[in-house]
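Only one structure is covered here, and it is reproduced in the block below.
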Amino acid sequence: MRILAIESSCDETAAAVLEDGTRVLSNVVASQLDVHAKYGGVVPELASREHLRAISPVVREALANAGELKWKDLDAVAATSGPGLAGALLVGLTYAKGISFAAGLPLIAAHHIEGHIQAVMLEGRQRGTPVELPALALVVSGGHTHLYEVSEAGYRLLGKTRDDAAGEAFDKVAKLLGFGYPGGPVIDRLAPYGNPEAVRFTSARMKGNALDFSFSGMKTAVLRWVESRGIAEEIEARKKMARVRRPSVEEWVAVTPQATLDLVASFQHAVIGELLGHAAAAAAQMEDVRSIVITGGVACNSGLRAAAGPQWAGLPVYFPSPGLSTDNAVMIAAAAWEKFRRGEFAELSVRVEPGLALA
Ligand code: KG4
Ligand code: ZN
């Protein structure tokens with residue numbers, strides 16, 4: 001059973017072929033980072049245009065790498081239908097519809113967040129140690145900070161961000177400090193150079209659902225810190241560097257005073273504290289929970305990986321391998337595999353849903 005899956009919800013054009021829900025035959029990701037980097041964030045119109053440019057070669061490469069596959073060697077074609085940028089989603093989903101129609105393959109509309117979660121389940125099957133359900137899933141990416149209960153019955157939303165997503169907070173703070181885009185990886189690499197206890201961040205008091213997140217206060221705290229220090233020149237110098245190329249961590253450290261490195265380390269430490277604090281509280285609320293899954297682009301963060309350890313709140317913690325943490329099509333194939341098993345196919349009339357909720 002082979003699924004060709006396409007992902008185009010944000011700024012990566014990706015295609016992959018998955019066999020029998022476990023074997024990855026190919027995994028191709030074309031990143032648009034360089035296109036968006038100079039604007040300090042993803043520009044939706046440019047993303048759509050780049051997806052259009054990349055989609056055919058990326059799909060062709062995925063089929064070739066999987067062993068020169070032809071349409072007749074496939075059993076289904078899948079694409080992300082949401083959530084994501086409307087124009088970006090449209091490119092991948094429309095392309096998949098074209099394949100479905102032309103090759104007579106069943107079409108599967110996959111959910112991007114289910115993909116992030118199923119990437120971890122897929123790797124559990126590959127290791128021969130499936131992630132035990134019910135699981136608590138923490139999905140942390142540029143667009144999402146969500147807590148779900150994952151069971152055989154499906155997904156249940158336990159908490160989510162009220163403002164910025166965790167990855168967005170990393171990106172905005174990095175931009176504010178002149179480290180360019182995307183900020184998560186830069187902050188991750190710089191954090192070990194600073195003192196994580198130097199600057200205190202207060203965690204937001206949530207009215208209503210205590211499992212909801214809020215990161216806008218931390219972002220504002222960083223802004224106030226910057227303003228109170230009068231370090232505009234230092235930031236401007238780094239911005240200039242980030243505009244022309246992506247500097248190495250050593251180059252960044254060379255142009256960043258210790259106080260700023262301490263701020264970066266403290267910010268990352270505070271975000272990790274929020275994420276893992278909420279994860280522990282959510283797990284405690286679940287009647288039965290066997291494991292914790294942490295996934296999405298921010299799951300690449302080495303500080304988060306180290307802090308969550310192999311065990312958190314007395315439960316085994318599973319991360320995707322770094323390559324499957326950020327957006328890719330293997331995760332979409334894994335989500336599509338679940339839908340295939342459930343017999344959930346889409347009509348050619350299916351639409352993209354930029355705000356599609358998982359639960
Ligand atoms: O899952 P993803 O590729 O796309 C979305 O679905 O949003 O996540 C991208 C996000 C960006 O905000 C990026 O800064 C963040 O993940 N990210 C990281 C790291 N690597 C990527 N954040 C913190 N530490 C990292 N190492
Ligand atoms: Zn994602």
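The values are calculated or read from the model by the stated rules, or taken from the named source; none is laboratory data. As the structure is a prediction and not an experimental result, all values here were calculated from the model. Cβ: placed from backbone, ideal geometry, glycine included. Neighbour counts: every protein chain shown. The protein model used for the area step is the full one, side chains on, heavy atoms only, and it has no ligands, DNA or RNA in it. Shrake-Rupley method; radii C 1.70, N 1.55, O 1.52, S 1.80 Å.
Here are the numbers for this structure:
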{"item": "Counted charge near GLY194, where neighbours are those whose Cβ lies closer than 13 Å (Asp, Glu -1; Lys, Arg +1)", "result": "-2"}
{"item": "Highest average packing first - 258-264, 341-347, 101-107, Cβ atoms within 10 Å", "result": "258-264, 101-107, 341-347"}
{"item": "Radius 14 Å from Cβ of ALA306, net charge of other residues (Lys, Arg +1; Asp, Glu -1)", "result": "+1"}
{"item": "Of all accessible heavy-atom area on the chain, the percent that carbon and sulfur account for (1.4 Å)", "result": "54"}
{"item": "Loop sites in the range 188-236: GluC sites (Glu not before Pro), DSSP, at most 14 other Cβ within 10 Å", "result": "GLU197"}
{"item": "Where LEU133, LEU63 fall by accessible area, highest first, once all protein chains stay in place (1.4 Å)", "result": "LEU133, LEU63"}
{"item": "Local net charge near ARG245, Cβ-Cβ under 13 Å (Lys/Arg +1, Asp/Glu -1)", "result": "+4"}
{"item": "For peptides 293-303, 182-192, sequence by mean Cβ density within 10 Å, most packed first", "result": "293-303, 182-192"}
{"item": "If the convex hull is drawn through the Cα atoms of the range 146-186, its volume per residue in Å³", "result": "69"}
{"item": "Computed P(r) (all Cα pairs; the range 190-302; 5 Å bins; percent)", "result": "2, 9, 16, 19, 19, 14, 9, 6, 4, 2, 0"}
{"item": "Average Cα contact separation per residue, the range 100-210, under 8 Å, 6 or more apart, as relative contact order %", "result": "13"}
{"item": "Rg ratio (alpha-carbon, reference 2.2 N^0.38 Å) - the range 252-359", "result": "1.41"}
{"item": "Axial C-alpha extent at least 27 Å, average Kyte-Doolittle at least 0.5 - helices from the chain (DSSP)", "result": "258-285"}
{"item": "Square roots of 5 times each gyration tensor eigenvalue, C-alpha, the range 1-56, largest first, Å", "result": "27, 10, 8"}
{"item": "Gain on full stretching of the segment that runs from TYR39 to THR94 - 0.36 nm per residue minus C-alpha separation", "result": "17.1 nm"}
{"item": "Alpha carbon centroid spacing (whole Å) that separates the range 33-64 from the range 255-325", "result": "29"}
{"item": "Accessible area per residue, Å², the chain with all protein chains present, probe 1.4 Å", "result": "43"}
{"item": "FRET efficiency estimate (nearest 0.05) - Cβ-Cβ, VAL244 to ARG60, R0 35 angstrom", "result": "0.60"}
{"item": "For the chain: relative contact order, % (alpha-carbon pairs under 8 angstrom, 6 or more apart)", "result": "25"}
{"item": "Tail beyond 29 Å, pair distance distribution of the chain (Cα, percent)", "result": "41"}
{"item": "Value of Rg/Rh across the range 306-359 [Cα atoms, Kirkwood radius]", "result": "1.10"}
{"item": "Additional length obtainable on full extension of the chain from ALA306 to GLU251, 0.36 nm per residue less Cα span", "result": "17.3 nm"}
